[in-house]
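Heads up: the structure comes next, in structure tokens.
Derivation of every value follows stated rules applied to the coordinates shown; laboratory data play no part. Just so it is clear, the model here is predicted, and its values are computed rather than measured. Neighbour counts are summed over all protein chains in view; Cβ atoms, including those assigned to glycine, are modelled from backbone coordinates with ideal geometry.
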Amino acid sequence: MSHDAQPDQPCADLRYPYGSTAAPTTSHIDAGALTTHRFADGGAYPPSYRAFVEQYGWARTFGLWLIYPPVRDGFADGRRRAERLTDRFRAVYRDGQAEGFDWLVEPDGTWKVAETLEVFGWSENGDALLWDVSARSHAGELPVWLSTGLDSLTLLGGDLVEALAVLAASASTGPSATDAARAIEPVAAARL
């Protein structure tokens, strides 16, 4: 995975599984919200996230990761789901801080960082991809963090492209690594 991706193709070497005729699942994505949404700092969705959603839509990445796009009313698994997961993340970390479980913010985080993280992706193993919404770059990007099992905080990179490179490297190692593990698979849109 290259860090030199163009803004309109954040992850140009992501690919559909061999022999697949799949196309991105985008009909349920709220394109207006993708461009007009604003965080508390007044900034929009990060450019790498917008490009990912525009290019790949609703998909499973590396056989594991779901990146939540904004979806039109009446559809599941969008940013509203990510907001509920953010509430869950924050509750776990507030409790952990109150109990003195400092290992929850290891190896790279702090309790202050944990307070500013928002979920935007989730793995089928229960791991979270989070943005640090307090640390926007001049290019409009948000740092991406990983919370494995809501039990740690690891900084993956300064944007989604860097984070996906780390996740791709992880998916490409170990006994179960296959070409499909580096692929992106469209997921059918689900109505509520």
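What residues qualify as long-range amide H neighbours of T25, i.e. H under 5 Å apart, gap of 5 or more or another chain, H built at 1.01 Å from N? Under 5 Å from the amide H of T25: W58, V187.
Here the simple spin-label model places points 7 Å from the Cα toward Cβ, and for A23 and S170 these points are separated by 3.3 nm. Using the average count of surrounding beta-carbon atoms within 10 Å as a protection proxy, the listed peptides 85-92, 119-126 rank, highest first, as 119-126, 85-92. Does anything in segment 36-76 have its amide N under 19 Å from the 7 Å Cα→Cβ label point of A139, and if so which residues? The answer is 43-56, whose backbone nitrogens lie closer than 19 Å to the label point. Couplings 3J(HN,Hα) for segment 128-143, derived from phi with the Karplus relation 6.51 cos²θ - 1.76 cosθ + 1.60 (θ = phi - 60°), are 10, 9, 9, 9, 8, 6, 9, 10, 5, 7, 4, 7, x, 7, 10, x Hz, where x marks Gly and Pro. Each residue, W111 and A40, gets one label point 7 Å from its Cα in the Cβ direction; the gap between the two is 1.7 nm. Per the Debye formula on identical point scatterers at the alpha carbon atoms of segment 22-136, with no solvent, log10 I(q)/I(0) at q = 0.09, 0.13, 0.19, 0.20 Å⁻¹ is -0.26, -0.54, -1.06, -1.15.
Using C-alpha pairs below 8 Å separated by at least 6 residues, the relative contact order for segment 79-150 is 26 percent.
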